[in-house]
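The values are calculated or read from the model by the stated rules, or taken from the named source; none is laboratory data. These numbers come from a predicted model, not from an experiment. Cβ coordinates were reconstructed from backbone atoms using ideal geometry, including for glycine residues, and neighbour counts include every protein chain displayed. Side chains are part of the model used for accessible areas, which takes the heavy atoms of the whole protein and leaves out ligands, DNA and RNA. Shrake-Rupley method; radii C 1.70, N 1.55, O 1.52, S 1.80 Å.
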Amino acid sequence: FFHLRVPESSALGSAVGRIKAHDLDIGRNAEVEYTIVPGDGGAMFEITTNDHNQEGIIILKRVSNNFLGRFQLFINSMF
């Protein structure tokens, strides 16, 4: 379970959160790819993987009229 607060003043394209899945493998077998499952609020964000530390970086893609509301993001990690 993961909570993330995004300030209303966040700029589009800015990193607003980070998440990290843990894998016991090393090297190429430890590489992680993150995706956001479509759903409530998912269109407002995108996620990329930092190749250096395998963190998922959550980026604000667009703002909706309900920006101050609550959203659920489901993030998949694939090893």
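Taking the criterion of being out of contact with any Lys or Arg (no Cβ under 6 Å at 6 or more places or on another chain), among the hydroxyl-bearing types (Ser, Thr, Tyr) and in a strand (DSSP E or B), would at least one residue in the range 41-60 satisfy it?
yes
Condition first: open to solvent by less than 80 Å² (accessible area, probe 1.4 Å) and touching a helix residue (DSSP H, G or I) at 6+ places or on another chain (Cβ under 9 Å). Now tell me which residues in the range 17-46 satisfy that.
Answer for the range 17-46, where residues must be open to solvent by less than 80 Å² (accessible area, probe 1.4 Å) and touching a helix residue (DSSP H, G or I) at 6+ places or on another chain (Cβ under 9 Å): 23, 36.
For the range 47-59, name all the residues that are open to solvent by 40 Å² or more (accessible area, probe 1.4 Å) and either among the charged types (D, E, K, R) or touching a residue at least 40 places away in the same chain (Cβ under 8 Å) (or both).
51, 55
Find the residue count for the range 15-40, including only residues that are assigned to a strand (DSSP E or B) and either under 19 Å from residue 3 (Cα atoms) or out of contact with any strand residue (DSSP E or B) (no Cβ under 8 Å at 6 or more places or on another chain) (or both).
Looking only at the range 15-40, we keep the residues that are assigned to a strand (DSSP E or B), and these are 15-20, 33-37.
Checking the rest, the ones that are also either under 19 Å from residue 3 (Cα atoms) or out of contact with any strand residue (DSSP E or B) (no Cβ under 8 Å at 6 or more places or on another chain) (or both) come to 15-20, 34-37.
Residues that pass the stated criteria total 10.
Of all the residues that make up the range 3-16, how many are in contact (Cβ under 8 Å) with a residue 40 or more places away in the chain, under 17 Å from residue 75 (Cα atoms) and open to solvent by 90 Å² or more (accessible area, probe 1.4 Å)?
Step one: of the range 3-16, the residues in contact (Cβ under 8 Å) with a residue 40 or more places away in the chain are 4, 6, 8, 10-16.
Narrowing further to those that are under 17 Å from residue 75 (Cα atoms): 4, 6, 15-16.
Now drop any that are not open to solvent by 90 Å² or more (accessible area, probe 1.4 Å), which leaves none.
Within the range 3-16, residues that are in contact (Cβ under 8 Å) with a residue 40 or more places away in the chain, under 17 Å from residue 75 (Cα atoms) and open to solvent by 90 Å² or more (accessible area, probe 1.4 Å) number 0.
Anything in the range 66-79 that is at pLDDT 65 or above and either of a type in the set (Ser, Thr, Tyr) or more than 18 Å from residue 2 (Cα to Cα) (or both)? List them, or say none. Break it down into steps so the answer makes sense when it comes.
Taking the range 66-79 first, the residues at pLDDT 65 or above are 70-79.
Correct list: 77, 79.
Criterion first (open to solvent by 100 Å² or more (accessible area, probe 1.4 Å) and within 14 Å of the chain's Cα centre (by Cα)) does residue 62 satisfy it?
Details: open to solvent by 100 Å² or more (accessible area, probe 1.4 Å): yes; within 14 Å of the chain's Cα centre (by Cα): yes.
Judged against the criteria, residue 62 is a match.
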